[in-house]
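To start, the structure under review is shown below, and the notes come after it.
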Amino acid sequence: MTRDFPGPDHSGLSVVIPCFNEVDNVEPSYREITNELGDYSLELFYVDDGSSDGTLEKIRALAAADTRVRYVSFSRNFGFEAAFSAGYRYASMPWILHIDADQQFPAAEAKKLVATAAQGYDAVFGVRTNRQDPLIRRWGTAAFHFVGRRVLRIEIPQGATAFRLVRAELARKIVDLRLGTPYFLATVPRLTSRYTTVPVAHRARERGESKVGMGFLSSHAIELFVGFTRRLTTAASATALFAGGVSVLAAAAAACGLLGAGATAATLFALLAVLLLVLSLTVRYLVVVGAGQPRPRQFYVREANVVVDVEDRLFTPEDAGPRLIDVQLGKGVSA
Ligand code: UDP
Ligand code: MG
């Protein structure tokens, strides 16, 4: 017997599981999710983010054995934000539970999110009470939240993680915005005030390695810092403009012999002035022009066992059935 999702008007839960080279985690996470949450009317939505280690084969096998399993597979690795966005876009149930494939968030903890959502929220974010990640990651997250929330005043739910329960309609609206700097955590508060956080347990990763490196985390943070406020870019161009102005004065003073420096110093100050003024204009140009630029799609799907919009597919072969895209293999993979 399945029980209805305890929302007043909705039933059914799509569990979105992004996977990038998680071959050893696909089956254990499937078992944990179905054991812990199998009472709900459930869809397990796997997103293979261009894995090269056999993850997709594992997902295909699950899909062949269990009709609750749906998946899309990307044409290459498009990254974490793209992976869960595709899941949010194509999940079919009215509520979405995002859970990573590595089981760092215990599936049983989702019941806390469900109970809170039933109080009338559109999005409930898990907050790790006892985070089991390296110190550098914990400090990095603390610094990120400090800069984002306190310095730049961007509204993001304090401590919120990817372990979350969101109304599918809301999640889909956010994906469909196709923001140039997609950042789910910061976009939710722009669409609704009915979001909250709930403390949840956290585990260390047991199998496979973290796929999220410092390079990714810092560029993703910069996407937030420049995409969701103009404070940083305005400060950068204003600083360059100010320094450029000071350099102009210094160059003039040096040329008049006021600084006790010669023609070489005057030339250097003048060059610095030009450099800083160009930098200042470049920052403004990037902000203003960049805001209006179209961006490439966040992801492209190569294979799926759900219907995927034509524009989200990399190819549209004549022989692909409505429920199947498999250009690479040129044949069907699901019944
Ligand atoms: N992931 C993904 N694409 C990526 C990086 C990560 O789909 O480019 C998935 C990954 O397989 C995992 C989840 O996103 O299921 C979270 O990644 P990870 O556990 O490496 O992040 P961490 O917990 O270290 O922040
Ligand atoms: Mg993890």
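Just a few scattered comments:
- Kirkwood hydrodynamic radius of segment 17-104, from inverse mean 1/r over distinct Cα pairs, in Å: 12.8
- Mean residue ellipticity, 222 nm, helices only, the chain: the sum of -39500 (n - 2.57) across DSSP H runs of n ≥ 4, divided by residue count and rounded to 500, is -13000 deg cm²/dmol.
- Selection from SER51, ILE96, LEU268, by position along the positive dipole direction of the chain (Cβ): LEU268
- For segment 239-272 and segment 146-168, distance of Cα centres in Å: 44
- Applying a DSSP loop filter and a limit of 13 other Cβ atoms within 10 Å to the trypsin sites (Lys or Arg not before Pro) in segment 152-196 leaves ARG153, ARG178.
- The charge dipole of the chain, taken about its Cα centre with unit charges on the Cβ of Lys, Arg, Asp and Glu (plus for the first two, minus for the last two), comes to roughly 1180 debye.
- All-pairs alpha carbon distance profile, the chain, 20 Å steps from 0, percent: 28, 49, 17, 7, 0
- The long axis of helix 55-65 is offset from the longest Cα principal axis of the chain by roughly 30 degrees.
- Of the peptides 210-219, 140-149, 25-34, the order by per-residue mean of other Cβ atoms within 10 Å, starting with the highest, comes out as 25-34, 140-149, 210-219.
- Here the Karplus relation 6.51 cos²θ - 1.76 cosθ + 1.60, evaluated at θ = phi - 60°, turns the backbone of segment 89-95 into coupling constants of 5, 10, 5, 10, 8, x, 10 Hz, with x for every Gly and Pro.
- Take every Cα pair under 8 Å whose residues are at least 6 apart in sequence, average their separation, divide by the length of the chain, and the relative contact order is 18 percent.
- Given charges at beta-carbon only (K, R positive; D, E negative), |dipole| of segment 20-161 in Debye: 620
- Cα extents for segment 104-147 along the principal axes, largest to smallest and rounded to whole angstrom: 35, 24, 11.
- Percent RCO, i.e. relative contact order, over segment 84-190, from Cα pairs under 8 Å lying at least 6 residues apart: 42
- Taking the DSSP bridge list for the chain and keeping only pairs wholly inside it, about 35 percent are antiparallel.
- Each residue of segment 230-243 was assigned a 3J(HN,Hα) from its phi angle through the Karplus curve 6.51 cos²θ - 1.76 cosθ + 1.60 (θ = phi - 60°); the sequence is 9, 4, 5, 5, 5, 4, 5, 6, 5, 5, 5, 5, 4, 4 Hz, with glycine and proline shown as x.
- Ranking ALA171, VAL15, ALA160 by how far each Cα lies toward the positive end of the dipole of the chain (charges on Cβ) leaves ALA160 at the top.
- Binned Cα-Cα distances of segment 36-188, short to long, each 10 Å bin given as a whole percent: 10, 36, 39, 15, 1, 0
Each reported figure results from applying straightforward, stated rules to the coordinates on display, with no laboratory input. Not measured: the values here are computed from a predicted model. Cβ: placed from backbone, ideal geometry, glycine included. Neighbour counts: every protein chain shown.
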